[in-house]
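Trainee: Pasting in a structure now, in structure tokens, and then I'll have a few things to ask.
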Amino acid sequence: MGRHPFDFHGAAGFVLDTDDPVAVGFFDSEYRTARGDPAPGTPSVTLTWRRTLAPCLSAPGYRLHVHKLLARWRYRIHLGEAEITLEAIGNRLALPMVHHMLVHPSLRYLASRRGALLLHGAAVVLGGRSLVLTGPGGMGKTTVSALLLARGGPDWRLHADDYVFLADGPQTLAYLTRSHLYRSLLDWLPDLAPRLTPWERLRLDTLGRIRGWSREGIKWPVRLTQDRLWPGREVAQRADLAAILVLRRSLGAQPAVTPIPKDSVPGEDLLEMNFFEARHFQQLVEAAPGSGAGPDWLEAWRQREERILDARRNDTPFYWLDLPAGSRPDPSIGEQLVDLLEPIARSGGG
């Protein structure tokens with residue numbers, strides 16, 4: 001089978017073993033900025049993937065999983081201290097789910113052993129300093145980062161769309177996947193629409209209607225590579241961590257920033273958010289025979305991430321970023337966010 005390696009700053013590596021061109025194209029698009037062999041000794045995830053139209057057929061030793069009726073795959077998993085091996089046999093619709101539910105959290109699990117926390121959040125960089133935007137799903141992380149990139153000028157750099165590594169220093173390390181684009185973003189930034197094909201715009205509209213009809217139960221994005229969405233925009237692979245901004249909704253008419261005292265940083269809430277995002281991984285590991293997961297594997301993982309987050313609480317400024325609740329798209333919000341956040345980025349949070 002073909003071997004396709006990716007390296008995430010030495011914090012974790014990923015190797016795809018497959019002859020399936022669809023899988024190769026998927027992961028090459030998803031992790032295009034991380035192509036390359038992990039250095040010897042890097043904790044790594046290996047996925048052996050085979051595509052089939054009939055994943056429900058018996059495969060001894062494999063566990064069947066079905067997600068939303070359409071994505072179907074059988075899998076095996078083994079967790080080691082420095083390596084996680086994944087084997088999956090599934091249909092084409094299973095590929096994004098195998099990535100989201102198995103590959104991505106496996107990378108996060110291993111990175112925590114290297115002292116790096118893969119935090120659910122977007123991030124942008126200005127002048128070598130990063131701003132991390134975090135908070136529960138649907139709070140507006142992607143929209144805020146996109147507004148900063150669109151309205152802040154060419155000095156703002158891409159860094160992370162959905163997750164970012166928090167590391168010692170304090171530093172952030174890029175984890176750039178394809179952007180998960182939803183229709184609401186075009187309401188805020190209609191100038192992005194010409195960067196999409198007519199088919200992509202139609203899919204975005206259709207999937208947005210399904211999302212509304214299902215009351216957030218079905219959230220399927222249109223995935224775009226960062227160079228498609230932000231042509232010519234530079235990527236910052238590493239940055240000094242200026243600040244972590246926790247998004248929340250408020251009754252104010254304009255965005256506002258408020259410092260969070262160290263003893264009031266919502267660390268437990270951020271951990272709960274991170275592990276909620278890994279809930280499918282937990283279920284798949286615990287359901288798989290011979291996974292190698294001990295009885296305390298989840299608690300030990302949580303404690304590692306808690307220690308990393310505590311270290312960032314002690315060396316990094318935290319802020320509340322209040323966003324107007326239920327506000328209609330307002331062209332001035334982008335400029336207001338730049339005015340609020342640019343001084344924090346340039347001063348390193350001080």
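The values are calculated or read from the model by the stated rules, or taken from the named source; none is laboratory data. Predicted, not measured: the structure shown is a model, and the values here were computed from it. Here the Cβ is made from the backbone with ideal geometry for all residues, glycine too, and neighbour counts use every protein chain on show.
Trainee: Checking the condition assigned by TED's automatic domain parsing to the domain that holds Gly252 and either surrounded by fewer than 17 Cβ atoms within 10 Å (Cβ to Cβ) or under 28 Å from Asp168 (Cβ atoms) (or both), which residue from Pro317, Pro295 passes?
Mentor: Details: Pro295 fails: assigned by TED's automatic domain parsing to the domain that holds Gly252.
One residue alone meets the criteria, Pro317.
Trainee: Here's another thing I want to ask about it. Considering only residues of region 276-292 that are surrounded by 15 or more Cβ atoms within 10 Å (Cβ to Cβ) and not small (Gly, Ala, Ser), which is modelled with the lowest pLDDT?
Mentor: The qualifying residue modelled with the lowest pLDDT is Glu277.
Trainee: Looking only at residues that are crowded, with 19+ Cβ neighbours inside 10 Å and touching a helix residue (DSSP H, G or I) at 6+ places or on another chain (Cβ under 8 Å) in region 28-51, which one is farthest from Ser112 (Cα to Cα)?
Mentor: Checked region 28-51; the qualifying residue farthest from Ser112 (Cα to Cα) is Arg51.
Trainee: Mind checking whether some residue in region 59-72 is outside the structural domain of Trp220 (by TED's automatic domain parsing), modelled with pLDDT of 95 or more and of a type in the set (Phe, Trp, Tyr)?
Mentor: Looking for residues that are outside the structural domain of Trp220 (by TED's automatic domain parsing), modelled with pLDDT of 95 or more and of a type in the set (Phe, Trp, Tyr), one finds none in region 59-72, hence no.
Trainee: Please specify each residue of region 296-311 satisfying the condition of being in a helix (DSSP H, G or I) and of a type outside the set (Lys, Arg).
Mentor: Of everything in region 296-311, those that are in a helix (DSSP H, G or I) and of a type outside the set (Lys, Arg) turn out to be Trp297, Leu298, Glu299, Ala300, Trp301, Gln303, Glu305, Glu306, Ile308, Leu309, Asp310, Ala311.
Trainee: Pick from region 133-173 the residues that are of a type outside the set (Val, Ile, Thr) and touching a Ser or Thr at 6+ places or on another chain (Cβ under 7 Å): which of them is surrounded by the most Cβ atoms within 10 Å (Cβ to Cβ)?
Mentor: Leu166
Trainee: Sticking with this one: Among the numbered conditions (1) more than 19 Å from His104 (Cα to Cα); (2) not assigned by TED's automatic domain parsing to the domain that holds Leu126, tell me where Gln282 comes up short.
Mentor: (1)
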